[in-house]
Amino acid sequence: MFDGVEMPVSILLSFGDQKRQLLTSRIGRIYTEERPVALSTIALMPHQIRIDSYRLGKIGNPIEHEIYQKISGLKKPLNSLTTNQGTHNIVYYQEACRYWLKACEGLPYFKRNGISIRPPHGRVINFKSQEAAAIVGCILNSSFFYWYYSIFSDCEHVNDELVRDLKIPPNWKKSAWHPLSQRLQKNLDTNSSRKEIKTKQGHRIEYDEIKAFLAKNIIDEVDTALAEHYNFTDEELDFIINYDIKYRMSLSG
């Protein structure tokens, strides 16, 4: 919308003569050629959705409102599945995110000067069980969580508090998440590209560049399974699966 701007921006408008009311639009992503009509595509939605008192939900239609209401009505947060004890049941996720959040059970391939180390700029969470780690690995790679992250974040960084506070459905154990998580991980690994760079400090870094958009079919399976547990309607699931699809499938960030 603004020439030369390459980071997310917000437009805030305030009117002193109106009733106390909050209205927001959904996240508006545009290509350069779409700038002339960008404002005409914005729809405002009145709501009071916020978390942690300061994260305002950036939603723009009733479907998003209903999805959030179903999540917020649950009691247990994702953090209830975690442990402070070191375990083999870990999930790593990359803190930087544009169109695809990168997460995996265990640690991803990363070497510095030929030595395997934990990648920087990421988080590791320990879980009480393998199945707990599996469902969280699935959730973090899902389009569902991409939507949740988008409406409550700066659209560039995944906040650990946002991850841990996400509500988990009480019946999540009824599905076998580990096989689904392993299928997804195998697909991500198969379609990744091994990269090597040298830092300014002279270190040789090797890592796998993930192309999550190539795993969209399996990610859709994850979202379908999650929809069953969160009691999302077919319309809500369709919204989640296709959220930002135009930009996510054409841009691999």
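Only the coordinates and a few stated rules stand behind these numbers; no lab work does. The shown structure was predicted, so the numbers you read here are calculated from the model rather than taken from an experiment. As a convention, Cβ positions derive from the backbone with ideal geometry for all residues, glycine included, and neighbour counts pool all protein chains shown.
Amide H contacts under 5 Å for Tyr99: Gly253, restricted to partners 5 or more places along the chain or on a different chain, H placed in the peptide plane at 1.01 Å from N.
For Arg26, the residues 5 or more places off, or on other chains, whose built amide H falls under 5 Å of its own are Ala43, Gly60.
Look at the dipole of segment 93-241 built from charges on Cβ: of His178, Ala96, Tyr207, the Cα furthest out on the positive end belongs to Tyr207.
Pairs exceeding 22 Å between alpha-carbon atoms, taken from Lys58/Lys173; Lys70/Lys128; Lys186/Lys216; Lys75/Lys211; Lys75/Lys246: Lys58/Lys173; Lys70/Lys128; Lys75/Lys211; Lys75/Lys246. Dividing the convex hull volume of the alpha carbon atoms of segment 63-248 by its residue count gives 124 Å³ per residue.
Which of rounded, prolate or oblate describes segment 105-178 when judged by the alpha-carbon gyration tensor and an a/c cut-off of 1.5? Verdict is oblate for segment 105-178. Here each label is just a point 7 Å from Cα along the line to Cβ, and for Lys200 and Met249 those points are 4.0 nm apart.
If you take all other residues with their beta carbon under 15 Å from the beta carbon of Lys128, and give Lys and Arg +1 and Asp and Glu -1, the sum is +1.
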